[in-house]
Amino acid sequence: MSLTEAQKFHLKKFIKELEKFRGRHTELVSVYIPQDYDMNKIINHLAQEQGTASNIKSSATRKNVTDALERMIQHLRLFKRTPPNGLVVFSGNVAEREGQQDFKVWSIEPPIPLKTRIYRCDKEFVLDILRDMLEAKEVYGLVVMDRRDANIALLKGKTIIPLLKTHSEVPGKFKAGGQSAMRFARQIEGAAKDHYKKVAEYMKETFLNMEGLKGIIVGGPGPTKYDLVEGDFITNEVKKKIIGIKDLSYTGEFGLEELLEKSGDVLAQEDVMEEKKIVGRFLEMLATKQNMVAYGEADVMNKLKMGVVDKVLLSEDLSDEKIEEFENLAKPVGSEIIIISTQTREGAQLRDLGKFAAILRYEVHT
């Protein structure tokens with residue numbers, strides 16, 4: 001499961017807030033409660049840990065741990081049941097000066113179902129599992145090729161990651177008559193087959209045992225891609241992973257971008273296509289129905305305050321504070337906030353347009 005940019009934004013912000021705290025001893029408490037786990041069992045376990053903490057020799061550390069656990073127990077009693085994805089809770093004395101007290105409790109329902117149960121007291125909060133959720137786990141293999149060249153890349157989240165490129169030994173066009181022409185044709189055919197074998201071998205090395213691979217999409221100009229896929233070059237295990245073959249005008253890096261553009265049907269459920277679609281819709285309306293859109297910070301803010309905005313598109317390049325400001329304006333009037341990454345062509349266009357855009361509920365003439 002991949003996260004939306006809005007989910008990533010809120011999770012990053014939560015992690016950033018907790019990263020800054022350090023305990024003087026092992027007195028900051030982190031608890032991860034898996035989905036479907038009985039909340040009462042967790043509360044009973046924490047009460048037992050309070051008893052164990054009474055054996056800590058340092059009186060200051062003992063008090064900080066037992067009080068942190070008490071605050072956490074009180075907080076957990078507010079929940080009737082464990083949230084659908086589980087719950088992550090942190091508690092501790094985060095006062096800047098030694099001897100002072102400033103106990104705080106934080107909790108978050110993770111955006112991905114939690115499978116791990118953790119109880120830990122440490123000098124810092126345990127955040128690695130939450131950080132790991134920010135990483136895109138699912139990837140697609142991209143192969144763009146013709147008789148001359150081939151590029152292999154990954155689509156991870158919204159980013160194309162080039163892995164390798166290879167060039168064939170297929171000779172260029174050459175005019176020759178009689179036997180020379182036939183021999184030359186055989187030479188071309190042999191070199192092309194060698195090229196296909198090499199590309200197929202690279203695909204096997206790259207994709208066969210790749211963790212999180214959801215599929216491979218192959219594209220290129222002309223029939224070459226079909227010669228590769230339908231010939232006896234690619235092993236069956238790799239061939240089973242091919243989920244799309246696309247006709248392209250380009251190879252190389254432009255070809256990889258074009259392959260992504262043309263794979264909307266295959267990638268329809270992925271965030272990258274959702275983002276490209278919504279920004280594309282905004283850009284189309286900007287060209288054809290200007291009274292149905294707004295862009296630029298002042299214009300979008302004004303339309304939000306008027307309550308006429310359906311969707312707000314914010315570039316991920318904006319500061320956390322600015323995104324929060326617009327979220328706070330959008331919530332009361334029921335406008336949807338969509339945070340757009342800068343990894344796609346459309347995301348870069350939004351950034352260059354001023355980072356703020358909106359699709360309105362109806363035409364507004366000003």
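On the given criteria, is G212 on the phi > 0 side of the Ramachandran plot, under 22 Å from the mean Cα position of the chain (by Cα) and not aliphatic (A, V, I, L, M)? It is true that G212 is on the phi > 0 side of the Ramachandran plot, under 22 Å from the mean Cα position of the chain (by Cα) and not aliphatic (A, V, I, L, M).
Quick check on the stretch 37-52. Is at least one of its residues among the β-branched types (V, I, T), farther than 20 Å from L127 by Cα and out of contact with any strand residue (DSSP E or B) (no Cβ under 9 Å at 6 or more places or on another chain)? Checked the stretch 37-52: at least one residue is among the β-branched types (V, I, T), farther than 20 Å from L127 by Cα and out of contact with any strand residue (DSSP E or B) (no Cβ under 9 Å at 6 or more places or on another chain). When A153, A136 are checked against the criterion of being at pLDDT below 90 and among the small types (G, A, S), A136 stands alone in meeting it. Checking S54 against (1) in contact with a helix residue (DSSP H, G or I) (Cβ under 7 Å, 6 or more places away or on another chain); (2) at pLDDT 95 or above, only one condition comes out false. Which one? Here S54 meets the rest and fails (2).
Against the conditions (1) under 26 Å from the mean Cα position of the chain (by Cα); (2) touching a residue at least 24 places away in the same chain (Cβ under 8 Å), where does E135 fall short? Just the number, please. Of the numbered conditions (1) under 26 Å from the mean Cα position of the chain (by Cα); (2) touching a residue at least 24 places away in the same chain (Cβ under 8 Å), the odd one out for E135 is (2).
Of K331, K322, K303, all but one fail to be among the basic types (K, R), surrounded by 18 or more Cβ atoms within 10 Å (Cβ to Cβ) and either modelled with pLDDT under 95 or not assigned by TED's automatic domain parsing to the domain that holds R351 (or both); the exception is K303. Take R361 and decide whether it is within 26 Å of V272 (Cβ to Cβ) and surrounded by fewer than 21 Cβ atoms within 10 Å (Cβ to Cβ). It is false that R361 is within 26 Å of V272 (Cβ to Cβ) and surrounded by fewer than 21 Cβ atoms within 10 Å (Cβ to Cβ). Could you tell me which residue of the stretch 83-132 is nearest to the chain's Cα centre (by Cα), considering only residues that are hydroxyl-bearing (S, T, Y) and at pLDDT 90 or above? Ranking the candidates gives S107 first. Among the residues of this structure, I42 does not count as one that is assigned to a loop (DSSP other than H, G, I, E, B), buried (at least 18 other Cβ atoms within 10 Å of the Cβ), of a type in the set (A, V, I, L, M) and touching a helix residue (DSSP H, G or I) at 6+ places or on another chain (Cβ under 7 Å). At least 3 residues being closer than 20 Å to D146 by Cβ is the threshold, and among the helices (runs of 4 or more DSSP H) wholly inside the stretch 195-279 those reaching it are 224-230, 252-262.
Taking (1) among the hydroxyl-bearing types (S, T, Y); (2) out of contact with any Lys or Arg (no Cβ under 7 Å at 6 or more places or on another chain); (3) crowded, with 20+ Cβ neighbours inside 10 Å in turn, T344 satisfies each apart from (2).
Every residue, every condition in (1) surrounded by fewer than 19 Cβ atoms within 10 Å (Cβ to Cβ); (2) of a type in the set (D, E); (3) in contact (Cβ under 8 Å) with a residue 40 or more places away in the chain; (4) in a helix (DSSP H, G or I), yes or no:
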residue: F9; (1), (2), (3), (4): no, no, yes, yes
residue: V31; (1), (2), (3), (4): no, no, yes, no
residue: K57; (1), (2), (3), (4): yes, no, no, no
residue: A68; (1), (2), (3), (4): no, no, yes, yes
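Only one entry of L208, L259 meets the criterion of being surrounded by fewer than 15 Cβ atoms within 10 Å (Cβ to Cβ) and either closer than 21 Å to L164 by Cβ or modelled with pLDDT under 90 (or both), and that entry is L208. Of the residues K20, K80, the single one that is loosely packed, with under 14 Cβ neighbours inside 10 Å and modelled with pLDDT of 90 or more is K20.
Cβ separations smaller than 9 Å between residues 6+ apart or across chains give the following pairs from the stretch 251-262 residues that are of a type in the set (A, V, I, L, M, F, W, C) to residues that are buried (at least 17 other Cβ atoms within 10 Å of the Cβ) and part of a helix (DSSP H, G or I): L260/V272; L260/M273; L260/K276.
Any idea how many residues of the stretch 83-131 are over 15 Å from L18 (Cα atoms), of a type in the set (A, V, I, L, M, F, W, C) and part of a strand (DSSP E or B)? Number of matching residues: 2. Taken over the stretch 26-60, the criterion of being more than 23 Å from L78 (Cβ to Cβ) and among the β-branched types (V, I, T) is satisfied by T26, T52, I56.
The values are calculated or read from the model by the stated rules, or taken from the named source; none is laboratory data. Every value quoted in this text rests on a predicted model; they were computed, and no experiment measured them. Cβ atoms come from the backbone with ideal geometry, glycine included; neighbour counts cover every protein chain shown.
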